[in-house]
Amino acid sequence: MGRTVSSFRVLLEEIIVELSIFRRALHGEDKPAFDRLMNKARKHASSCTVAPTLDPIDAVFLSILVEQEKELNLLREGMHVPAGHQVRPEEQHDNKMD
């Protein structure tokens, strides 16, 4: 027998189509930023498939947050800031070699 529930990938694409109304209202660099966020969600479609109790839109946002956290960690490593440490303006590093 075939699947009775749509795959999350199909559902995700439907959500992205629904959000396209919002995308069309964006200006300038916001549209490519939106597209990048949706691509981040696509990276985690498999994980979302195994978490059926999550609301699909929550799964999309959680996927985006995971990717954002990974990017933040890379930036922190570049600045030599420990994870979980908040950088305040007076603490910002200039990353210049002395």
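Assorted remarks:
- The residue of the stretch 12-35 that is farthest from E71 (Cα to Cα), among those that are surrounded by 11 or more Cβ atoms within 10 Å (Cβ to Cβ) and among the basic types (K, R), is R23.
- Residue match in the stretch 16-30 (condition: without any contact (Cβ under 8 Å) to a residue 60 or more places away in the chain, touching a Lys or Arg at 6+ places or on another chain (Cβ under 8 Å) and either among the hydrophobic types (A, V, I, L, M, F, W, C) or outside any helix (DSSP H, G or I) (or both)): no
- Within the stretch 42-77, the set of residues being touching a Lys or Arg at 6+ places or on another chain (Cβ under 7 Å) and either more than 16 Å from S6 (Cα to Cα) or of a type in the set (S, T, Y) (or both) comprises S63, I64, E67.
- Tally of residues being out of contact with any helix residue (DSSP H, G or I) (no Cβ under 6 Å at 6 or more places or on another chain), among the β-branched types (V, I, T) and in a helix (DSSP H, G or I) across the stretch 33-83: 2
Each reported figure results from applying straightforward, stated rules to the coordinates on display, with no laboratory input. From a predicted model like this one, the values you see are computed outputs, not experimental measurements. Ideal geometry is used to build each Cβ from the backbone, glycine not excepted, and the neighbour counts take in all protein chains shown.
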